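Take a look at the structure set out below.
The values are calculated or read from the model by the stated rules, or taken from the named source; none is laboratory data. Computed from a predicted structure; not experimentally measured. Cβ: placed from backbone, ideal geometry, glycine included. Neighbour counts: every protein chain shown. These area figures cover heavy atoms from the full protein model, side chains too; ligands, DNA and RNA do not enter into them. Shrake-Rupley method; radii C 1.70, N 1.55, O 1.52, S 1.80 Å.
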Amino acid sequence: MILYCASTNPGKLREFNLIAEHYAAGQLEVRAVPGLAAIAAPEETGDSFAANASLKADYYSRLCDGLLFADDSGLAVDSLGGAPGIFSARFAGEHATDQQNNERVVREAAPFPDRTAHFICAIAVARRGSTVQVFEDRVTGRLLDSPQGPNGFGYDPLFFYEPFGATFGETPAERKLLVSHRGKAMARMIRWILANGSTVEGTLGQ
């Protein structure tokens, strides 16, 4: 079964394919929406990860034939009231780099002793412009004062995961996907799609 993905983020695409390989054993093929980079992105006006994931999934699923999923994910720091949250990708500005976003979250969290942070991911599955299911999961860790590790992307180098004794930036992607917010949410999505089979692909969303 072909499963289309609404993302041009190379880090996310690599993780999506690794997760699909791990949990679907060749039963699902993840493909980016053809020509996605040239398609104007929708404005993310939702007030939650789930709302934005659904908004993107509905929008892009009108452009392909079959099931499509879109994710919205980010970092929530307890001492910052859940920020950067849904603004994670643009916390330091509309076209901010990962480094700039990391620097701002470290700077704003510096005065607070509580370092608890969460990665949250919502994945929406849609067909023909209509969401058919949303899956959400999270992982809890600790925010560091400086980035550690060359792996991953986004806030991964700042996110220390106690069971591994390392940041996600120091963790190989194949290991991270088993515990990460994105890995767990996508695993739930894959199990649901495989369990529903042709019903999901052929009737939902029509």
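Observations, loosely collected:
- Meets criteria (at pLDDT below 95, among the small types (Gly, Ala, Ser) and open to solvent by less than 60 Å² (accessible area, probe 1.4 Å)) for Gly202: yes
- Candidates Arg115, Arg127, Arg182 - the one that is among the charged types (D, E, K, R), at pLDDT 95 or above and either open to solvent by less than 50 Å² (accessible area, probe 1.4 Å) or closer than 15 Å to Leu68 by Cβ (or both): Arg115
- Residue match in region 162-178 (condition: under 30 Å from Asp58 (Cβ atoms), open to solvent by less than 30 Å² (accessible area, probe 1.4 Å) and outside any helix (DSSP H, G or I)): yes
- Test: residue in region 74-95 that is under 16 Å from Leu158 (Cα atoms) and modelled with pLDDT under 95: yes
- If the condition is being assigned to a strand (DSSP E or B), among the polar types (S, T, N, Q) and farther than 19 Å from Asp78 by Cβ, then region 130-158 contributes Ser130, Thr131, Gln133.
- Strands (runs of 3 or more DSSP E) enclosed by region 1-84 - at least 3 residues per element that are open to solvent by less than 50 Å² (accessible area, probe 1.4 Å) and out of contact with any Pro (no Cβ under 7 Å at 6 or more places or on another chain): 2-5, 68-77
- Region 159-175, residues that are touching a residue at least 60 places away in the same chain (Cβ under 8 Å) and closer than 16 Å to His118 by Cβ: Phe159
- Identity of the residue in region 130-149, hydroxyl-bearing (Ser, Thr, Tyr) and touching a residue at least 40 places away in the same chain (Cβ under 8 Å), that ends up surrounded by the fewest Cβ atoms within 10 Å (Cβ to Cβ): Ser146
- Filter result (open to solvent by 10 Å² or more (accessible area, probe 1.4 Å) and either in a helix (DSSP H, G or I) or not hydrophobic (A, V, I, L, M, F, W, C) (or both)) within region 86-102: Ile86, Phe87, Ala89, Arg90, Gly93, Glu94, His95, Thr97, Asp98, Gln99, Gln100, Asn102
- Selection over region 103-129 of residues that are assigned to a strand (DSSP E or B) and either within 13 Å of Gly154 (Cβ to Cβ) or hydrophobic (A, V, I, L, M, F, W, C) (or both) gives a count of 9.
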